[in-house]
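Structure, as C-alpha cells:
The values are calculated or read from the model by the stated rules, or taken from the named source; none is laboratory data. What you see is a predicted model; the values in this text were computed from it and never measured. Please note: Cβ atoms are built from the backbone with ideal geometry, for glycine as well, and neighbour counts cover all protein chains shown. Areas reflect the complete protein model, heavy atoms only, side chains present, ligands, DNA and RNA absent. Shrake-Rupley method; radii C 1.70, N 1.55, O 1.52, S 1.80 Å.
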Amino acid sequence: MSLHHSGNAIRDALSRPLKDLRISLTDRCNFRCKYCMPKEVFGKDYSYLSEEEILTIDEIVRVTRILSEIGVHKVRLTGGEPLLRRELPEIIHALASLPGIDDIAVTSNGSMLTPKRAQALKDAGLRRITISLDALDDTVFRKMNDVGFPVKRVLNAIESALAAGLTPVKVNMVVRRGFNDTEILPMAEHFRGTDVVLRFIEYMDVGNSNGWKLDDVVPASEIFRTIAEKYPLVPVAPELQGEVAERFAYADGAGQIGIIHAVTKPFCTGCSRLRLTASGELFTCLFATRGKPIRAMLRDGATDEELRAVMTGVWKARTDRYSEERNEQTVHRPRIEMSRIGG
C-alpha cells in the first residue's frame, strides 16, 4: 500500500504534503518563446546538456518509484519540449506501471503531436495532456514562438489529443501585456463549447532571461472581466486541495476555463510539487536559486534507502513561498531557467 493512500505523505517545514512530481525530460525546445527561451540567450552557441548528463529512463523511474513511497502519486512530464525525448512512450509506460502513481500528464507545445504519436502516448499509459498556445492569431503566435510556427499545426495537435482520448485536454495561454492580451477573448471564443479546458496564466518572473516586469502582467481579475463581460462565468469548486487554477464555468453551459493567478494571488500555501530536472537536480520551487543534485548518487551506487533519506530531507527542509514573498528584493534574485526546471 503506497503511503499517500494512508495519508502518510511526508510534509515540508510549512506542513505541505509531497504529492506531485514534475519531471523535466530535456532542456531543449524547438520554440523560442520570449518568456521562456528567448533567442538572445538560447542562440546557436548555447550549450545544452549532453546525452550523458541527462537522466536515463531507469534513473527517472527509480527516483519516481522512491518518491512514490513517500507521497508522490501524480507525475507531469515537461521540458523544454518533452516530445523531443525519443523514448517518451517508454518513459510513460515505465512510470505508469509503478504502484502508487495514479496520474501521468504531459505538457507540450504540441508542435510534434501527430495523431499517431498521440495514440502511442495514450497506449503507453498517458492520461492527459496540456498544450501551450498563446494566441489564435497566426501573426501574434508566430511572433511569440519566434520560430514562425503556425497556429494551425497546434490546433491540429489539440484535435489529435482529443481523438486519442488524452482528456481533459487543457490549453495553457500565458498572457503578456502588449504581446497577446488582445487574444484573450478570441481564445475563449474558439474553445467555448468544446471539450478543451482553456487556462489563462499570468505572466511570471521565471528564470533570468525573460525580461519580466510587473507592468507586463495582465491580472487574473482583468482576464476574468474581459471574458465575463461577454460570456457570464460562474465559479466552480476546486476538485483537489492545492489546485492552482481557479475554475469557472460558462453560465450557458459551454464548458469551463481556468485562471492561474500566480502573481496577483499566489498559491504557495497549497503547493505540493517537487521538480526533477533532466540533469538530475531536485528543486522545491519554480523560483528556486539552487537544487539538490542526485545524479551522482544514482550513478555511484547509492542504495534506495540513501536516496530516500536525501529526498525526504530535501522536502522536509522546504520553506519556499517565493510568490507570496515576491517584492522588489526577491524579483532580482538569480534563478534557474524554466526550460531546465520544467514549467
Between the range 281-301 and the range 91-168, what's the alpha-carbon centroid distance in Å?
-> 27
Helix axis angle, 57-68 relative to the chain longest principal axis, alpha carbon, degrees | 90
Pick from Pro38, Pro89, Pro99: which is most flexible by mean-square fluctuation in a GNM of the chain where alpha carbon atoms under 10 Å apart are linked?
-> Pro99
With a ≥ b ≥ c taken as the square roots of the eigenvalues of the C-alpha gyration tensor of the chain, please select rounded if a/c is under 1.5 and otherwise prolate if a/b is larger than b/c or oblate if it is not?
-> rounded
Two-site FRET efficiency, Asp45 against Gln119, from Cβ-Cβ distance with R₀ of 35 Å, rounded to 0.05 | 0.40
The Cα extents of the range 44-112 along the principal axes, largest first and rounded to whole Å, are 42, 26, 18
Residue by residue, what Karplus-based ³J(HN,Hα) values in Hz, rounded to whole numbers, does the range 175-188 have, using 6.51, -1.76 and 1.60 with θ = phi - 60° and x for Gly and Pro?
-> 9, 10, 4, x, 10, 9, 5, 6, 8, 4, 5, x, 5, 4
Where labels lie 7 Å past Cα in the beta-carbon direction, separation of Val234 and Glu337 in nm = 4.6
Please find, in a Gaussian network model of the chain (springs between Cα atoms separated by less than 10 Å), the residue of Met297, Met311, Met204 whose mean-square fluctuation is greatest.
-> Met297
Each label point is 7 Å from the Cα along the Cα-to-Cβ direction; what then is the distance between the points at Glu325 and Ala309, in nm?
-> 2.8
Cβ-derived FRET efficiency at R0 22 Å, Val147 paired with Asp215, nearest 0.05 | 0.25
Compute the acute angle (0 to 90°) between the alpha-carbon long axis of helix 304-316 and the principal axis of greatest extent of the alpha-carbon atoms of the chain; round to the nearest 10°.
-> 50
Which percent of the accessible area of the chain is formed by carbon and sulfur heavy atoms (probe 1.4 angstrom)?
-> 52
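Return a whole-number percent for the relative contact order of the range 84-239, with Cα pairs under 8 Å and 6 or more residues apart as the contact set. Walk me through the numbers on the way to the answer.
Details: 213 pairs, mean separation 29.6, N = 156.
It rounds to 19 percent for the range 84-239.
What does the C-alpha gyration tensor say about the overall shape of the range 35-79? Classify as rounded when a/c is under 1.5, otherwise prolate if a/b is larger than b/c, or oblate. Could the numbers behind the result be given before it?
Working: a/c = 5.01, a/b = 2.01, b/c = 2.49.
Here the range 35-79 falls in the oblate category.
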Surrounding charge for His93, neighbours by C-beta under 12 angstrom, Lys/Arg +1, Asp/Glu -1, total -2
Applying the Karplus parametrisation 6.51 cos²θ - 1.76 cosθ + 1.60 with θ = phi - 60° to the phi angles of the range 143-156, what ³J(HN,Hα) value in whole Hz is obtained for each residue in order, glycine and proline being reported as x?
-> 5, 6, 7, 6, 10, x, 7, x, 4, 3, 6, 6, 4, 4
